[in-house]
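For reference, the structure discussed in these notes is given below.
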Amino acid sequence: MHSLRQPANYVIAISVAAAVVFGTWLIWPGDMSGADGDSVTNKNITGDAPADLHRSASSPGSADNSSNSSGQSDSTSSAADGTAEPGSGYFKSIPIPGDFAGIVEREGRLSEFHERLEREIEDPDWALPLERELEDFLNKLLDPSQVAVKLIECRSDSCEILAVGYGEQAMKEWLELAGALYEAGILEEWFQIEETSRFDGGCGSIDLGPGVFGLLCEFSRAVPPATDDDSGTAGTLSLTAPYPDGVEFIPVPIPDDFVRLFETNADVYDFHRALQAEPVDHSWAPFVENQISEHFSAIPELESVTYHHIECRMTRCEVQLTIHDPQTAIAWTLELRNFNNQAWIDLEFTIYNVPADGDPVRIVWLMNRKTGT
């Protein structure tokens, strides 16, 4: 989970033990307020409260259970029961709630996950009981006057939950949702393939309007990393790999506890390597570094956050930080929205957390300069 330059209002809190890309609460930035009037969306999915959730498109009686009108390709119409082989071109659309009109289509990260889920083979033995358990959990956890869940969709390895929240308290509670799911054992039970494997996931929010938030969770069973048959070690990227001849670079230090993320995530690795090879724009980089440091250090609730390194160059910035408890992680995530609303901001950013079980949360915050040089 995966693409870098997401716009800057989409906040994903820092997720549970096994999140690989947007884990223990992360942030997707994004200028997502307002829908594109020309965007094509599927029909509205209603469900004004968690007591009336719209479950999976694969559920019996689902509104998206028709044949070709569901978006299933002609060449794979025989796969409607979910029995198609992987890689066969199987596709069955998942209607996007009208509240999210234009957002999923326009924003790369959301669109990527949603489209990938539409191409997952349906496994009703896994998906349907999981959807019911998620529905029951959300009904118990959420206040229906503050959060209206619009969609719960699971297929064979992944699930997507979409909801609308009213007020910042609803958003805060939603950002705590993945942790609650993990503590209840639901994510480990349904998404962890084996004891040594991990799962991806997280929850976040999008500004839909004044005091109205689009709320989302995405969870997937992660494929174990490929191994090298000759060495028996997991295949990784190397931070010590040489640059091409003629490329000058200045190293950006990485704490030992962060190396794993950089050497297993191609997006983070490529960004870091590109950053090291950039010259410094002295009219821009020191200013941004100071703004980041001063803004967050002035928040009393965030005094315990450790910033290992803040580095800006010509068009990129990288921040490495550790958050020592889940509540501070939520507070930091919410404050990031305020930081992003400053008038001078010219950044698009994505946040990744280092895969780890429990506290602390180690985050790599990557920023791209919108205006360039």
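The values are calculated or read from the model by the stated rules, or taken from the named source; none is laboratory data. All of these numbers come straight from a predicted model, not from anything done at the bench. We place every Cβ from the backbone using ideal geometry, glycine too, and count neighbours over all the protein chains shown.
Brief remarks on what is shown
- Taking the criterion of being buried (at least 18 other Cβ atoms within 10 Å of the Cβ), assigned to a helix (DSSP H, G or I) and not aliphatic (A, V, I, L, M), the residues of the range 309-334 that qualify are P326, T328, W332, T333.
- Against the criterion of being touching a Pro at 6+ places or on another chain (Cβ under 9 Å), modelled with pLDDT under 95 and surrounded by fewer than 18 Cβ atoms within 10 Å (Cβ to Cβ), T306 does not qualify.
- Residues considered: S66, S145. Of these, the only one that is modelled with pLDDT under 85 and in the same structural domain as C203 (by TED's automatic domain parsing) is S66.
- Number of the exception - F287 against (1) surrounded by 15 or more Cβ atoms within 10 Å (Cβ to Cβ); (2) at pLDDT 95 or above: (1)
- Verdict on V268 being in a helix (DSSP H, G or I), surrounded by 14 or more Cβ atoms within 10 Å (Cβ to Cβ), modelled with pLDDT under 95 and not assigned by TED's automatic domain parsing to the domain that holds Q146: yes
- Flag if V305 is among the β-branched types (V, I, T), closer than 22 Å to I345 by Cβ and without any contact (Cβ under 8 Å) to a residue 40 or more places away in the chain: yes
- In summary, D359 fulfils each of the numbered conditions (1) modelled with pLDDT under 95; (2) buried (at least 18 other Cβ atoms within 10 Å of the Cβ) with the single exception of condition (2).
- Looking across the range 113-169, the residues that are among the basic types (K, R) and free of Cβ contacts under 8 Å to residues at least 40 places away in the same chain come down to R119, K140.
- Test: Q342 is more than 29 Å from E183 (Cβ to Cβ) and either of a type in the set (F, W, Y) or out of contact with any Lys or Arg (no Cβ under 7 Å at 6 or more places or on another chain) (or both): yes
- Where a residue in the range 319-333 is among the charged types (D, E, K, R) and its partner, wherever it lies, is at pLDDT below 85 and assigned to a helix (DSSP H, G or I), with Cβ under 7 Å and at least six apart: none
- Any hit, the range 122-131, residues being assigned to a loop (DSSP other than H, G, I, E, B) and either under 17 Å from V212 (Cα atoms) or aromatic (F, W, Y) (or both): no
- Qualifying residue in the range 267-283 (condition: under 16 Å from I363 (Cβ atoms) and basic (K, R)): no
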